[in-house]
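**Student:** Here it is, the structure in full.
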């Protein structure tokens, strides 16, 4: 790939603009822009509401040189809305003229261990292979919710992630896949795993309780279907 | 014993529908109480990641559709059978959509399983899991992912046991024996 023209940041979170995935995408958007490449951000949750939206999204995908899926981990894998779009892209992959395309995936999980995202990445690799795209690399993030609603630039804990993403952007612009070192740096846990696991296991329930409404606090352990 | 069969096939002519009939027939012979849900004909909402099922109405999704009935049936079952075309190694959109609607059956609280953090299960016990996938042609990587996915799901759902089978190729000469043997193994343990 000599000259990169179009980058598509595909946001796979059902939470759309409020999501961690969007925060990461916004950072990438800025980095591509700083490097003179115009990227486009698009939200799957908005596109799948109508047939026209899905059609337009597919056109965007087919028209892009680099596609970066940024998504949360839902039940060990890719969110259903994103699976839907991937099925559509795969089904119509031979309908249009196809150029060389690169596909990268960035997954964030609420659990501390980045490796819990690994199966979703494997599925994305399979998707890239089945649709004739070149696999460009991946980043896996644990404790993704700690990034929610915050600018990546302002978070000390996201330093490794930023460094890895910066290298990834430069490589992609040069038409190369993300170097393994950059994948490893970007996928480092946001805080030491032992601490993260202890905090989550010990205080996670309290943190959730703080988000509950009055009614829910009384019924936390409710078993409506027992 | 109660079994819930969730069929995530994409169309009426999917080989997965043949698998569903065989599984139901075999389990019925052994007097299982069967509830079947064919998702392709249902207009279920997708999970919107709001966590309302934990922070507003604990144990119940705030989206009012048949997804809640299916989550209820799963919570009361001894065995959950997941049927799906293998899609990039994972489940179809239809099946994945429903699995996300089972989040209310978990608690927001955390626990450690095999050293990893997972959510606690809301109910006293979780059903065993059986997943049967279909691939139009043999694909080692898809099969590997599919099998691993079910074992990961079993961890998250606190399921005491899980079984996976993937069928490939034409279903015209479909050999039922493989499914019958698999079900016998499952029934012995349940």
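We did not get these values from a lab; they are worked out from the coordinates using the rules stated. Please read all numbers here as calculations on a predicted model, not as lab measurements. Here Cβ is always computed from backbone atoms with ideal geometry, including for glycine, and neighbour counts include all displayed protein chains.
**Student:** Could you identify which residue out of A:154, A:40, A:214 has the top mean-square fluctuation in a GNM of chain A using Cα springs shorter than 10 Å?
**Tutor:** A:214
**Student:** Strictly greater than 19 Å: what percent of every Cα pair in the range A:79-133 meets that? The partial results should precede the final answer.
**Tutor:** Numbers: 496 of 1485 pairs.
I get 33 percent for the Cα pairs in the range A:79-133 exceeding 19 Å.
**Student:** Shifting gears a bit: Angle, helix A:159-173 long axis vs. longest principal axis of chain A, Cα atoms, 0 to 90°, nearest 10?
**Tutor:** So the inclination is approximately 20 degrees.
**Student:** From other protein chains only, count the Cβ atoms within 10 Å of every residue's Cβ in A:105-118, then give the mean.
**Tutor:** Details: counts 0, 0, 0, 0, 1, 4, 6, 3, 3, 0, 1, 6, 0, 2.
Taking the mean over all residues of the peptide, I get 2.
**Student:** Next question, about the same structure. What fraction of the DSSP beta bridges in chain B is antiparallel, stated in percent and rounded to the nearest 5? Don't skip to the end; give the middle numbers.
**Tutor:** Values: 6 of 31 bridges.
Roughly 20 percent of the DSSP beta bridges within chain B come out antiparallel.
**Student:** Something else: Find the all-direction average of the projected area of the Cα convex hull for the range A:1-94, expressing the result in square nanometres with one decimal place.
**Tutor:** Values: hull surface 25.9 nm².
Convex hull of Cα atoms, orientation-averaged projection: 6.5 nm².
**Student:** Sticking with this one: What translational diffusion coefficient, in µm²/s and rounded to a whole number, does the Stokes-Einstein relation yield for chain B at 20 °C and a viscosity of 1.002 mPa s, taking the hydrodynamic radius as the Kirkwood radius over Cα pairs? Before the final figure, lay out each step's value.
**Tutor:** Details: Rh = 17.0 Å.
For these conditions, the coefficient is 126 µm²/s.
**Student:** Now for a separate question. Counting helices only, and only those DSSP H runs with n ≥ 4, report the 222 nm mean residue ellipticity of chain A as the sum of -39,500 (n - 2.57) divided by its residues, in deg cm²/dmol to the nearest 500. Please report the intermediate quantities before stating the final value.
**Tutor:** Numbers: 9 runs with 103 residues, N = 226.
Taken over chain A, the calculation gives -14000 deg cm²/dmol.
**Student:** Just to be sure I understand the curve: with the Debye formula and one point per C-alpha of chain A, what is log10 I(q)/I(0) at q = 0.17 Å⁻¹?
**Tutor:** Results for chain A at q = 0.17 Å⁻¹ read -1.22.
**Student:** Over all directions, the average projected area of the alpha-carbon convex hull for the range A:120-171 comes to how many nm²? Before the final figure, lay out each step's value.
**Tutor:** On the way: hull surface 17.9 nm².
So the Cα hull casts an average projection of 4.5 nm².
**Student:** Which angle from 0 to 90°, rounded to the nearest 10, does the C-alpha axis of helix A:20-34 make with the longest principal axis of chain A?
**Tutor:** Rounded to the nearest ten degrees, it is 40.
**Student:** Can you give the Kirkwood hydrodynamic radius for the protein assembly as shown, in Å, rounded to one decimal and based on Cα pairs? Before the final figure, lay out each step's value.
**Tutor:** Details: mean 1/r = 0.0453 Å⁻¹.
Here the Kirkwood hydrodynamic radius works out to 22.1 Å.
**Student:** Taking the Cα centre of each part, how many Å lie between the range B:132-190 and the range A:151-191?
**Tutor:** Centre-to-centre (Cα) distance: 37 Å.
**Student:** Still on this structure, please answer the following. Enter the mean number of other protein chain beta carbons within 10 Å of the beta carbon of each residue in A:61-73, as an integer.
**Tutor:** If you average over the peptide's residues, the count of other-chain Cβ atoms is 0.
**Student:** Still on this model: What's the angle, to the nearest 10 degrees (0 to 90), between helix A:193-211's Cα axis and the longest principal axis of chain A?
**Tutor:** The helix A:193-211 is inclined about 70 degrees to chain A.
**Student:** Okay, next question. Can you tell me how the range A:69-182 classifies by the Cα gyration tensor, rounded, prolate or oblate, using a/c under 1.5 as the rounded cut? Present the calculation step by step, with values, prior to reporting the outcome.
**Tutor:** Values: a/c = 2.23, a/b = 1.38, b/c = 1.62.
Taking the square roots of the gyration eigenvalues as a ≥ b ≥ c, the range A:69-182 is oblate.
**Student:** Report the Cα centroid-to-centroid distance between the range A:45-84 and the range B:1-75 in angstrom, as an integer.
**Tutor:** 24 Å
**Student:** Please state the relative contact order of chain B as a whole percent: Cα pairs under 8 Å, 6+ residues apart? Can you show the working numbers first?
**Tutor:** Values: 328 pairs, mean separation 44.1, N = 190.
Answer for chain B is 23 percent.
**Student:** Please compute the Kirkwood hydrodynamic radius over the range B:4-104, one decimal place, Å, based on all pairs of different Cα atoms. Write out the running numbers ahead of the final one.
**Tutor:** Details: mean 1/r = 0.0701 Å⁻¹.
The answer is 14.3 Å.
**Student:** Same structure again: Among A:155, A:165, A:190, which one shows the biggest mean-square fluctuation in a GNM of chain A, springs joining Cα atoms closer than 10 Å?
**Tutor:** Highest fluctuation among the options: A:155.
**Student:** Please state, to two decimals, what the Cα-based radius of gyration of the range B:32-86 comes to when divided by 2.2 N^0.38 Å (N = residues).
**Tutor:** Numbers: Rg = 12.7 Å, N = 55, 2.2 N^0.38 = 10.1 Å.
Rg over 2.2 N^0.38 Å, computed on Cα atoms: 1.26.
**Student:** Taking the DSSP beta bridges in chain A as the whole, what percent of them are antiparallel, to the nearest 5? It would help to have the intermediate numbers written out before the result.
**Tutor:** Details: 1 of 25 bridges.
Restricted to chain A, the bridges split so that about 5 percent are antiparallel.
**Student:** For chain A, modelled as a GNM with alpha-carbon contacts under 10 angstrom, which of A:32, A:198, A:111 fluctuates the most?
**Tutor:** Largest GNM mean-square fluctuation: A:198.
**Student:** Further, regarding this structure: Among DSSP beta bridges lying fully in the range A:67-198, give the percent that are antiparallel, nearest 5. Don't jump to the answer; show the numbers that get you there.
**Tutor:** Values: 1 of 14 bridges.
For the range A:67-198, the DSSP antiparallel bridge percentage is about 5.
**Student:** OK, next. Just checking the output field for A:121-130: average partner chain Cβ neighbours within 10 Å of each residue's Cβ? If you can, show how the numbers build up before the last one.
**Tutor:** Details: counts 0, 9, 10, 2, 4, 10, 4, 1, 2, 6.
Mean shielding by partner chains, rounded to a whole number: 5.
**Student:** Sort A:77, A:59, A:129 by Cβ crowding within 10 Å, fewest neighbours at the top.
**Tutor:** Values: A:77 30, A:59 11, A:129 14.
Fewest to most other Cβ atoms nearby, the residues stand as A:59, A:129, A:77.
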